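What follows draws every value from the coordinates through simple rules; no lab data is involved. None of the values given here were measured: they were computed from a predicted structure. Neighbour counts run over all protein chains shown; Cβ positions are idealised from the backbone, glycine included.
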2 protein chains.
Amino acid sequence: MIETSRPELLYLLAGDPAELAETLSEMRPADVADALNQLSPEAAAAVIKVLPFDVVVRVFDDPEFEHRHEVFDKIDADTAAPIIEAMSGDQQADLFRELTETEQQRLLPSLDSSTRQSLSLLLKYSPKVAGGIMTTEFASVPANWNAAQTLAYLAQVGDAKETIYAIYIMDEQRRLVHVISLRELVMVDSETPIVDIGVRRTPITVTPQTSREDVARLISKYDLLAVPVLDEGGHVLGIVTVDDVIDAMVRETTEDVQKLGGMEALDEPYMDMGFFSMIKKRAGWLCALFLGEMLTATAMGYFEGEISKAVVLALFIPLIISSGGNSGSQATSLIIRAMALREVTLRDWWRVASRELPSGIALGAILGVIGITRILLWQTLGWYDYGVYHVLVALTVGCALVGVVTFGSLAGSMLPFVLRRLGFDPASASAPFVATLVDVTGLVIYFTVAFVIMRGTLL
Amino acid sequence: MIETSRPELLYLLAGDPAELAETLSEMRPADVADALNQLSPEAAAAVIKVLPFDVVVRVFDDPEFEHRHEVFDKIDADTAAPIIEAMSGDQQADLFRELTETEQQRLLPSLDSSTRQSLSLLLKYSPKVAGGIMTTEFASVPANWNAAQTLAYLAQVGDAKETIYAIYIMDEQRRLVHVISLRELVMVDSETPIVDIGVRRTPITVTPQTSREDVARLISKYDLLAVPVLDEGGHVLGIVTVDDVIDAMVRETTEDVQKLGGMEALDEPYMDMGFFSMIKKRAGWLCALFLGEMLTATAMGYFEGEISKAVVLALFIPLIISSGGNSGSQATSLIIRAMALREVTLRDWWRVASRELPSGIALGAILGVIGITRILLWQTLGWYDYGVYHVLVALTVGCALVGVVTFGSLAGSMLPFVLRRLGFDPASASAPFVATLVDVTGLVIYFTVAFVIMRGTLL
């Protein structure tokens, strides 16, 4: 494995620029990007100036180069334009999304018209859909060519294409009729007409609005290296390649994990994020959860009389409501993931509910038995005195646990369905969200059970 | 997009087997696998019998075919052996991991010795490391060949290789000296010696023990289509391809989401999992969390005197401890993800702590202000009577929130570091785990603040 050679790079920076350029030229673009990420934008811009043009392009084409928009700030428009023009379409769009409005206005006029056109096409779409992550540099050939002609063409234009492993065959109206792979192409006789290569099936395609998760699912399911994005007329607008999909999957997972933790997705590395932007991303959900959780204070208010009569009941409140939250959190994360994998769809809610009901009862019973044992054991061993009615206290805790855990499992498993039905991301059904939902109900269940069991004794 | 053609398939099943075979032969292997997944193993085995051999192999080679091990149960060893032998090495290993010991013993003797050898190599490794997900069918050529020889060889053996897009060049001792891509190969003159193609760098390689996350990271970082797995002597044992990595990433995310929900990873689709195995996976963590949470009952026991003197304090217990849990859950999910992306390493713990301390104070202050406002508002509007000392109660709640949220953010962000340091998966630092940790401390903070503020009045 290659390590980032930061010390070496800094050493070289102090030395001969030509020597530095030579060393960097031999490194892989992702490693040069890594090294430049460690430098200030000014220093990185200075390094860029001495590097050969094709190395610069490959480095700026690498999404690993996190600070590239800051580095572009330091480069004049005339130097920047040819670099941007030589970048691949999806990376141009990525770069422009990172630039400020002012920067965009500074750089746009220097770009040639074809780059401006491709950029305006891609920037129409969100980076969460196929249209926003596609690249316009794909290899396409007319349907009347043969294998040898196609190979010769690829050898000539290959450098300018994002990939030549998928070759798109067009009819005279430039509509997609067939897709072959370079693998299939090199395995046939050179005279073979390209339309006869491979199995003729309706090609797997997406629309510009297909979500990046769905693109990822198609690429993963059919083991594709790229999938074409078609307009309504069947013309290829661009392709989404497997490496874009991997990047999209990594971002998607990051967002999901952050949402599951009960906050907005950060969109930036944790360490790079400013203090106030981070507080903003976290405070929103935290306040919403806090306002929801305030209902527990209201609920507790209703039971203040019971608590003052039987303070022993208060001792188990955190234990009981947290068990509901925990079982809910398990159920919700199971369903969120099953939904993401399409193992479970909206209409399966009833099947899920009828699985979670017995699961909740079983899990609640297990916790109930442990809870009862704990109370009776502490009483018997004299570690704590739960009063004359300790058996009733134990029974109340045990029964409440069954109720609360069952409710938690059901509520936790149903919440993602409700969110998706309402058009929200099911991953927003975070553990804290579920816990807040379950806490109020948990209190009501607990005090209701207590009232039934202890009426005439403690209450 | 292709839909699973289940009704059509069932209709065809009743009809002519030859017609069925023809229809299925035209479908993509992943779609045939989808269709077979809907059938009972017996019915699927019956369909397999009438399908052409090469279609059968491609379907069994597809990890989308979930029930393949059950279908193999229904096929006699002599029919099964050629299918298994023709499957790719990684899928053979996957299949054998799913088979029972008895089934393995039934099928193994019928396999040829090269398949048995490759299987025993791959099964030595866990499917969580490169050695367990690699395939042994890669394209390698001697270093003294030229481009034309290599292309001719690939055209001949391409069908039997997992991929021919990466070509591994070996010296006379069969050690890896260079890697070229098919793209580079088709773009050079046919007389070019293959060692002169592309940039000569130390190839990116992994060992059989490299974790699948690290393999995924390398493939994603360097936009590779495959990465070679080398033994200690520098010989290529196999390659891990990008589609294996995508599958591994999906599995990894599933495990992480389930762990974050506070449970063991399921290893099976939610809907396919048996009731008791699911209870087992969920009960373990639920009981562990319950036992931890029991400490809240102990802590509450210490404050029973305070609660009976000031029942009003009990009303805010769920609100306060849940706020600590929520802020902890946010912090822990941020750090888990930053660790998974290598944005944060073990030695960054101090930088993280010094970010989380002010964040926690700020977030706690926001919630504290809301909490104080809520109590004073309800009191002023006459919606609830918090007694004579309601200002002190409000102050206690506000100060406790600052303390609890700060502690939650710090504890939540440090837990993944502690877990990783102890050799556990940081993703086990689930929201429920953090909440349990924070709840006991939250109670202690709350009652300590109350004691300081209310001594001489309510307490």
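Ratio of Rg to Rh for region B:278-341: 1.12 [Cα atoms; Kirkwood radius as inverse mean 1/r over pairs]. Sequence-distant contacts, meaning Cα pairs under 8 Å at least 6 residues apart, place the relative contact order of region A:110-263 at 24 percent. Look at the alpha carbon pairs under 8 Å that are at least 6 residues apart: their mean separation over the length of chain A gives a relative contact order of 11 percent.
For chain A, what number results from the quotient of the Cα radius of gyration and 2.2 N^0.38 Å?
Values: Rg = 30.4 Å, N = 459, 2.2 N^0.38 = 22.6 Å.
Output field value: 1.35.
Taking a ≥ b ≥ c as the square roots of the eigenvalues of the Cα gyration tensor of region A:187-236, is the shape rounded (a/c under 1.5), prolate (a/b larger than b/c) or oblate? Here region A:187-236 falls in the oblate category. With its label point defined 7 Å out from Cα along the Cα-to-Cβ axis, A:R201 lies at 3.5 nm from the matching points of the other copies, in increasing order. So for region A:65-132, considering every pair of alpha-carbon atoms, how many percent are separated by more than 19 Å? When all Cα pairs of region A:65-132 are counted, 24 percent exceed 19 Å. Please compute one quarter of the surface area of the Cα convex hull for region B:320-459 and express it in square nanometres. Mean orientational projected area (region B:320-459, Cα hull): 8.8 nm².
Relative to the Cα centre, the charge distribution of chain A, modelled as +1 at Lys and Arg Cβ and -1 at Asp and Glu Cβ, gives a dipole magnitude of about 2840 debye. On the rotation that sends chain A to chain B, the chain A Cβ lying closest to the axis gives residue and distance in whole Å as A:A431, 2. Hull volume per residue, based on the alpha-carbon atoms of region A:138-250 and their convex hull, is 98 Å³. Across peptide B:428-441, the mean count of Cβ atoms from other chains lying within 10 Å of each residue's own Cβ comes to 4. Projecting the Cα atoms of A:L266, A:Q38, A:L286 onto the charge dipole of chain A (Cβ charges, centred on the Cα centre) puts A:L286 farthest toward the positive pole.
What is the mean projected area of the alpha carbon convex hull for region A:234-334, to one decimal in square nanometres? Intermediate results must be reported in sequence, preceding the final value.
Working: hull surface 46.1 nm².
Reported value for the Cα convex hull: 11.5 nm².
Position B:E304: other-copy label points at 2.3 nm, ordered by increasing distance, label point 7 Å along Cα→C-beta. Divide the volume of the convex hull around the Cα atoms of region A:6-124 by the residue count and you get 89 Å³ per residue.
What is the dipole size for region B:270-454, taken about its Cα centre, with +1 at each Lys and Arg Cβ and -1 at each Asp and Glu Cβ, in debye to the nearest 20?
Numbers: 12 positive and 10 negative charges, 112 e Å.
So the magnitude is around 540 debye.
For the pair region B:405-459 and region B:41-80, the centres of their Cα atoms are 53 angstrom apart. Packing, as the average of other Cβ atoms within 10 Å across residues, places the peptides B:74-84, B:308-318 in the order B:308-318, B:74-84, highest first. Can you pull a Stokes-Einstein diffusion coefficient for region A:71-178 at 25 °C (0.890 mPa s), Rh from Kirkwood over Cα pairs, as a whole number of µm²/s? Translational D for this selection: 158 µm²/s.
What the Kirkwood sum gives for region B:414-459 is a hydrodynamic radius of 12.6 Å, with every pair of different alpha carbons counted. At a temperature of 10 °C and a viscosity of 1.306 mPa s, determine how fast region A:229-292 diffuses translationally according to Stokes-Einstein, using the Kirkwood radius over alpha-carbon pairs as Rh; express D in µm²/s, rounded to the nearest whole number. Translational D for this selection: 111 µm²/s.
With a cut-off of 12 Å between beta carbons, the residues surrounding A:G328 carry a summed charge of -1, where Lys and Arg count +1 and Asp and Glu -1. Among A:424-435, A:251-262, the peptide with the highest mean count of other Cβ atoms within 10 Å heads the list, and the full ranking is A:424-435, A:251-262.
Region A:207-252 and region B:132-148 have their alpha-carbon centroids 29 Å apart.
Quick one: which of A:K161/A:K280; A:K128/B:K161; A:K281/B:K259; A:K49/A:K280 span more than 31 angstrom between C-alpha atoms? Mind showing how you got there, number by number?
On the way: A:K161/A:K280 41 Å; A:K128/B:K161 34 Å; A:K281/B:K259 24 Å; A:K49/A:K280 38 Å.
Checking Cα-Cα distances, A:K161/A:K280; A:K128/B:K161; A:K49/A:K280 exceed 31 Å.
The mean count of C-beta atoms from other chains within 10 Å of the C-beta of residues in A:373-383, rounded to a whole number, is 1. Output the 0 to 90 degree angle, nearest 10, between the alpha-carbon long axis of helix A:275-302 and the longest principal axis computed from the alpha carbons of chain A. For A:275-302 against chain A, the angle is about 20 degrees. Label-point spacing at B:A365 relative to the other copies reads 5.2 nm, in ascending order, each point sitting 7 Å out from Cα along Cα→Cβ. Shape call for the protein assembly as shown from the C-alpha gyration tensor, a ≥ b ≥ c root eigenvalues: rounded (a/c under 1.5), prolate (a/b greater than b/c) or oblate? Note, shape of the protein assembly as shown comes out prolate.
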